[in-house]
Amino acid sequence: MNVGLPGLGLGGLFFVLAALAMPLVELARALRGRSSRAGRRVALGQAAMALAMLGAYAATGWLIARLLPARAAEEVLPVAASTGGGGMPYATVTLVVLAALLGVVQVARLLARRPR
Amino acid sequence: MNSTRAGHPRPRIASDDLSVSSAPAQAGSGPDGTLATDGRRTAGLTILIPAYNEADHVGDTIRSVLAQTVLAAEVIVIDDCSTDATADVAAALGVRVLRPPANTGTKAGAQNLALAGVTTPFTMAIDADTILASDAVERILPAMADPRVAAACGFVLPRHVRTLWERGRYTEYLYSFSFPKQVQDFYGKPLISSGCFSVYRTDVLQAMGGWNTRTMAEDMDLTWSLYEAGWSVRFVPGAVCWPVEPADLAFMGKQLRRWSHGFLQNVAVHWRGLRAHGFLASVVLVACWDALVATSVLFVVLPLLAILVSPAFLLGYVVDLPVLLVPVAYAGWRRGELRRALASFPAFFVLRLVNGYHLLRALWFEAVLRRPLRVYEKGH
């Protein structure tokens, strides 16, 4: 089974960032003597995939900005690039929300480990 | 339907539970109707195939199991009081057929019926409409050589890729199993050990009471329960299976309704236990956020912006198209199915909308109205 909306929303961003971190995690494992050839291959492969996805994301933004009629661009791009929250760019808000959710998880982990 | 082998070396079977025999432990007919006496190894494995009115598919499933490069010690079809010829088809192929006195109501119930009598070290559960690549068992079993691993799952692709819905599901699986699931496995937490094709450590599975029927997604429930009990689960991308996926909107809706409700039910059951598992908890929390926010953007925000500001906001439905195309095209190319992957790609965006609708609906019923889904309906 699959859950949710593959590729969309914070979930897509989460996995891209997690994939980009994989070589670093594998390096940490290597320093602890826990790396493997298969693990290194997967880490580099998925990180490369994530980089390609980010490149596609950037190219899409560039393409949309160039292909949209001037009037539509004036209406769409400012809304897409900023939010009502102090004019922070959409991408920044997304990252902040993701960081906040991950922070919640870390707090929950600490609370779960606390002796009763 | 052979998968490509690029990047997936032949596994070495290291498990002590494999023994060499000149004939399969279970005398059954091979695909050509003859007894298999070709010296294939037999594993300490029992394969369970729960079935309800699967006469059209169970024969192919059993034949794929009997054609494996590594054989199971026993294959059991649990005929959950079918009203068609499911039991006859299974019996004709020489496998053991169990039939409960009454319909158990769920796949989990059927599987648990057979699980009680399993004595082999490993138990595999396969859906009755799922065929396995001929080396699927051989490829998945080495993951169980690690004593910390209690379950392992494989790569899933739709058996038929013809209708809009099957194509959407094909794209979804290509993306999910080639990117997010591999990331999950790297971090030690595959989200789900797929119910259509997974292998388990029998004593662990029996100690946990088998598959729980408290949610509509018993495979997710079992996977998360294993994590909470300190076990590991692995994803083996080289072990491939092909289930029959819903071919029309009505059946797709039934399946998505069950999956959406099942996910939320599992979050309600497991949220405390998941707190200690950072990566998994992060995946689940982000998925919950998207269930509410991303679906709201899809069905409320984008339409409003398109009407009130500019129709160009409809681009929001497909703006991530190039991003998703990268893993889908790569996975399709690796499998020698690039043309199929590209042709199926647009269908994914339709399926995603339907998925989003069912997720929002499930959120409304489970979390707001407190009317959980309790009736198990398969997708075909």
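The values are calculated or read from the model by the stated rules, or taken from the named source; none is laboratory data. Remember, predicted model here, so these are calculated numbers, not experimental data. Every residue, glycine as well, gets a Cβ built from its backbone with ideal geometry; the counts of neighbours run over all protein chains shown.
Out of the residues in the range B:339-359 that are surrounded by fewer than 22 Cβ atoms within 10 Å (Cβ to Cβ) and away from chain A (no Cβ under 11 Å), which is nearest to B:A291 (Cα to Cα)?
So, considering only residues that are surrounded by fewer than 22 Cβ atoms within 10 Å (Cβ to Cβ) and away from chain A (no Cβ under 11 Å), the one nearest to B:A291 (Cα to Cα) is B:V350.
Of the conditions (1) part of a loop (DSSP other than H, G, I, E, B); (2) under 23 Å from A:L101 (Cβ atoms); (3) of a type in the set (A, V, I, L, M, F, W, C), B:A247 satisfies every one except a single condition; which number is it?
The one condition B:A247 does not meet is (2).
Which residues, counting only those in the range B:101-147, are among the aliphatic types (A, V, I, L, M) and over 19 Å from B:G238 (Cα atoms)?
Those that are among the aliphatic types (A, V, I, L, M) and over 19 Å from B:G238 (Cα atoms): B:A102, B:A108, B:A110, B:L113, B:A114, B:L115, B:A116, B:V118, B:A128.
Report, by residue number, each residue of the range B:158-175 that is of a type in the set (A, V, I, L, M, F, W, C) and either farther than 11 Å from B:A341 by Cα or part of a helix (DSSP H, G or I) (or both).
Of the range B:158-175, the ones of a type in the set (A, V, I, L, M, F, W, C) are B:161, B:164-165, B:174.
B:L164, B:W165, B:L174, listed by residue number.
Six or more apart or on different chains, Cβ atoms under 8 Å: show the pairs whose first residue is in the range A:45-63 and within 7 Å of chain B (Cβ to nearest Cβ) and whose second is among the hydrophobic types (A, V, I, L, M, F, W, C) and not in a helix (DSSP H, G or I).
Pairs found: A:Q46/B:F179; A:M49/B:F179; A:T60/B:V319.
Here is a check on your reading of the model: is B:D129 at pLDDT 95 or above and in a helix (DSSP H, G or I)? Please lay out each step first, then the result.
Working: at pLDDT 95 or above: yes; in a helix (DSSP H, G or I): no.
For B:D129, the condition - at pLDDT 95 or above and in a helix (DSSP H, G or I) - is not met.
For the list (1) over 23 Å from B:A347 (Cβ atoms); (2) buried (at least 24 other Cβ atoms within 10 Å of the Cβ), I need the number of the one condition that B:D185 fails.
(2)
What number of residues within the range B:180-226 satisfy the criterion of being part of a loop (DSSP other than H, G, I, E, B) and either among the acidic types (D, E) or in contact (Cβ under 8 Å) with a residue 24 or more places away in the chain (or both)?
19
Can you work out which of the residues in the range B:301-329 that are facing another protein chain (nearest Cβ under 7 Å) and in contact (Cβ under 8 Å) with a residue 60 or more places away in the chain is farthest from A:L67 (Cα to Cα)?
B:P327
Quick check on B:V89: is it under 13 Å from B:A51 (Cβ atoms), hydrophobic (A, V, I, L, M, F, W, C) and buried (at least 20 other Cβ atoms within 10 Å of the Cβ)?
The answer is yes for B:V89.
Among the candidates B:L132, B:L164, B:L157, which residue alone is crowded, with 20+ Cβ neighbours inside 10 Å and out of contact with any Lys or Arg (no Cβ under 9 Å at 6 or more places or on another chain)?
The unique qualifying residue is B:L132.
Please work out which one of (1) within 26 Å of the chain's Cα centre (by Cα); (2) within 7 Å of chain A (Cβ to nearest Cβ); (3) outside any helix (DSSP H, G or I) is the condition B:G336 fails and give its number.
Every condition holds for B:G336 apart from (2).
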